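Working notes for the structure below.
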Amino acid sequence: GSFPGGLVHRTDRGEPSVFSTGRIMLGLVVAYDQTSDAEFLQTAAGAARWLCDDLNEPAGIWLSVDHPAFQPSHLTVVCWAMLEVWQRTREARIRDQAMRALQIIAGRRLPNGAVDDWGLHADRPAITDTIADTLRGMWECGRILGDGGRQYIDVASQAAALLRELLGRTILRWV
C-alpha cells in the first residue's frame, strides 16, 4: 500500500515513504473525485491502511518515517490525506489513526504559536516548504473535521499570525 520516496528519500533501496505516500494519496483522491473511477479510491484506501498499520500505537508516530531521527510536523499533510480517504470510505480506523498522529503534532504548538519540529531536522530551523506543509495539513484536517477540528485550524491560524508578524518586522528592516 505504500509508495517509495522521491530523489531524497531512500529511493535507491525502494523503501516506503510516509510523506510521499500521503502526497500521492491526495492525487489519487482528486483523480477519484474527477473520474468516479473506484480504482483510484481503492488504491488511496490501500495506502491509508498501510499508514494505519505503520503507525506506532502508543507513540502515535510512524515507524517508516522519511527522517528516522524524529517525526517531522509537516506530516500533517499525511493526516490530511488520510482524512480525505476517510471522508469517502468512512473507514473508522483510517480516521482514528490520522487523528492519533495529528493530535501528537498539534501538541507541539509552542507558546509563541510556532510548531516544534516543523523543519526537516530536529533542532534546526525550518524552511518555508515544511512550515507551509505543516500549516496546510493542520488547516485541511480542521476543515474536514468541521466543528470537531476547530483546534487544528486554531493551531494553523496562530502559527500563520506569528509568521506574518515576523515577516512584517523583516520587511520593515529592509525599507
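The values are calculated or read from the model by the stated rules, or taken from the named source; none is laboratory data. Worth saying up front: this structure is predicted, and the values here are computed from it rather than measured. Heads up, the Cβs are rebuilt from the backbone with ideal geometry, glycines too, and the neighbour counts pull from every protein chain shown. Accessible surface areas use protein heavy atoms only, side chains included; no ligands, DNA or RNA. Shrake-Rupley method; radii C 1.70, N 1.55, O 1.52, S 1.80 Å.
Considering only residues that are among the β-branched types (Val, Ile, Thr) and more than 15 Å from the chain's Cα centre (by Cα), look in region 30-66 and name the one that is farthest from ARG93 (Cα to Cα). Give the derivation first.
Filtering region 30-66 down to residues among the β-branched types (Val, Ile, Thr) leaves 30, 35, 43, 61, 65.
Those left that are additionally more than 15 Å from the chain's Cα centre (by Cα): 30, 35, 43.
On the way: VAL30: 21, THR35: 26, THR43: 16 Å.
Step by step, filter region 30-66, then rank; the result is THR35.
Does ALA31 meet the test of being surrounded by 20 or more Cβ atoms within 10 Å (Cβ to Cβ), assigned to a helix (DSSP H, G or I) and modelled with pLDDT of 95 or more? For ALA31, the condition - surrounded by 20 or more Cβ atoms within 10 Å (Cβ to Cβ), assigned to a helix (DSSP H, G or I) and modelled with pLDDT of 95 or more - is not met.
Against the conditions (1) touching a residue at least 12 places away in the same chain (Cβ under 8 Å); (2) farther than 23 Å from PRO125 by Cβ, ILE61 satisfies every one except (2). The number of residues in region 155-172 that are open to solvent by less than 30 Å² (accessible area, probe 1.4 Å) and under 19 Å from TRP80 (Cα atoms) comes to 3. Would you point out the residue of region 115-154, among those that are assigned to a helix (DSSP H, G or I) and open to solvent by 70 Å² or more (accessible area, probe 1.4 Å), that is nearest to ASP66 (Cα to Cα)? The qualifying residue nearest to ASP66 (Cα to Cα) is ASP129. Would you call LEU7 open to solvent by 50 Å² or more (accessible area, probe 1.4 Å) and either part of a helix (DSSP H, G or I) or modelled with pLDDT under 95 (or both)? Against the criterion (open to solvent by 50 Å² or more (accessible area, probe 1.4 Å) and either part of a helix (DSSP H, G or I) or modelled with pLDDT under 95 (or both)), LEU7 qualifies.
Any chance region 89-112 includes a residue that's in contact (Cβ under 8 Å) with a residue 24 or more places away in the chain, more than 28 Å from LEU41 (Cα to Cα) and open to solvent by less than 60 Å² (accessible area, probe 1.4 Å)? Yes, some residue in region 89-112 is in contact (Cβ under 8 Å) with a residue 24 or more places away in the chain, more than 28 Å from LEU41 (Cα to Cα) and open to solvent by less than 60 Å² (accessible area, probe 1.4 Å). Taking the criterion of being within 17 Å of ASP116 (Cα to Cα), in a helix (DSSP H, G or I) and polar (S, T, N, Q), the residues of region 34-78 that qualify are SER73, THR76.
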